Every structure is written in C-alpha cells, then in structure tokens.
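The values are calculated or read from the model by the stated rules, or taken from the named source; none is laboratory data. None of these values were measured; they are calculated from a predicted model. For neighbour counting, all protein chains shown are included, and Cβ atoms are generated from backbone atoms with ideal geometry for every residue, glycine included. Accessible surface areas use protein heavy atoms only, side chains included; no ligands, DNA or RNA. Shrake-Rupley method; radii C 1.70, N 1.55, O 1.52, S 1.80 Å.
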Amino acid sequence: MRYQHHIFICTNARENGDCCAARGSLDLLKQLKHELRNRGLDHDGGIMANKSGCFGLCQQGPNVVVYPRGSWHRVTDTDDVTALIDGLTHSNN
Ligand code: FES
C-alpha cells in the first residue's frame with residue numbers, strides 16, 4: 001500500500017513544557033485519525049497520520065508536516081484538523 005499523503009504530527013514532550021505535546025498534539029493526532037477513518041480516507045483512502053519527533057520549531061507548535069508534498073502546518077484545534085484534511089482531499093498532490 002502506498003499512501004498518497006503521510007501526515008506527521010510532532011508529539012515530542014519537553015520538561016519545560018515548550019513543546020507540541022504540551023499543546024495537545026497527542027489529542028490532535030487522535031482527532032486526525034478519527035476524522036480520516038470517518039471519511040474513509042485512512043488505509044485504502046490513501047492518507048496516513050503518525051506521531052513524529054521534534055521538528056525544531058517547538059514554539060510554533062503543534063507542528064505537522066505532510067509528505068511527499070512537504071507542506072508545514074500549525075494545527076491547534078478541531079477546525080485546523082478539518083481544514084488540513086480538506087486541503088489534502090481538494091488537491092491532487
Ligand atoms: S516539540 Fe514539536 S517541533 Fe519541537
């Protein structure tokens with residue numbers, strides 16, 4: 001199976017709290033997976049979402065990168081999750 005889009009969300013945690021995990025990225029990953037499943041976009045739908053380590057832009061998080069297109073996103077809430085998926089399904093790359 002080759003996915004058309006692979007979404008990576010940083011779930012890195014730092015003791016000082018300046019990190020994507022402290023801004024709710026694990027919950028956002030759950031929302032991403034839930035919405036992909038609900039729309040039939042996971043597995044054969046061609047979009048996968050996974051945890052990632054730190055991208056080095058910790059103060060701007062929660063950070064998401066999408067490959068192979070190489071786009072970067074700040075995803076902070078359910079509306080952002082929906083907008084991210086809408087953006088992937090309304091484009092061909
Ligand atoms: S903790 Fe997420 S980019 Fe560093």
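Under 6 Å by Cβ, and 6 or more places apart or on different chains, what pairs join a residue from region 58-87 that is more than 17 Å from ARG23 (Cβ to Cβ) with one that is modelled with pLDDT of 95 or more and among the acidic types (Asp, Glu)?
Filtered contacts from region 58-87: ILE85/GLU35.
Output the qualifying pairs, or none if there are none: Cβ atoms under 8 angstrom, residues six or more apart or on different chains, first residue in region 1-15 and within 11 Å of VAL66 (Cα to Cα), second residue open to solvent by less than 70 Å² (accessible area, probe 1.4 Å) and in a loop (DSSP other than H, G, I, E, B).
GLN4/GLY46; HIS5/GLY46; ILE9/CYS20; ILE9/PRO62; ILE9/VAL75
Filter region 64-93 for residues that are at pLDDT 95 or above, of a type in the set (Ser, Thr, Tyr) and either open to solvent by less than 40 Å² (accessible area, probe 1.4 Å) or in contact with a Pro (Cβ under 9 Å, 6 or more places away or on another chain) (or both) and give the result.
Matches in region 64-93: SER71, THR76.
I'd like to verify a number: residues in region 43-63 that are within 14 Å of the ligand (Cβ to nearest atom), surrounded by 17 or more Cβ atoms within 10 Å (Cβ to Cβ) and assigned to a strand (DSSP E or B), how many?
Number satisfying all stated conditions: 2.
From the residues in region 64-81 that are within 16 Å of the ligand (Cβ to nearest atom) and in contact with a Ser or Thr (Cβ under 9 Å, 6 or more places away or on another chain), which one is nearest to HIS6 (Cα to Cα)?
It comes out as VAL65.
Which members of region 1-32 meet the condition of being open to solvent by 50 Å² or more (accessible area, probe 1.4 Å), of a type outside the set (D, E, K, R) and within 12 Å of the ligand (Cβ to nearest atom)?
PHE8, ALA13, ASN16, ALA22, LEU26
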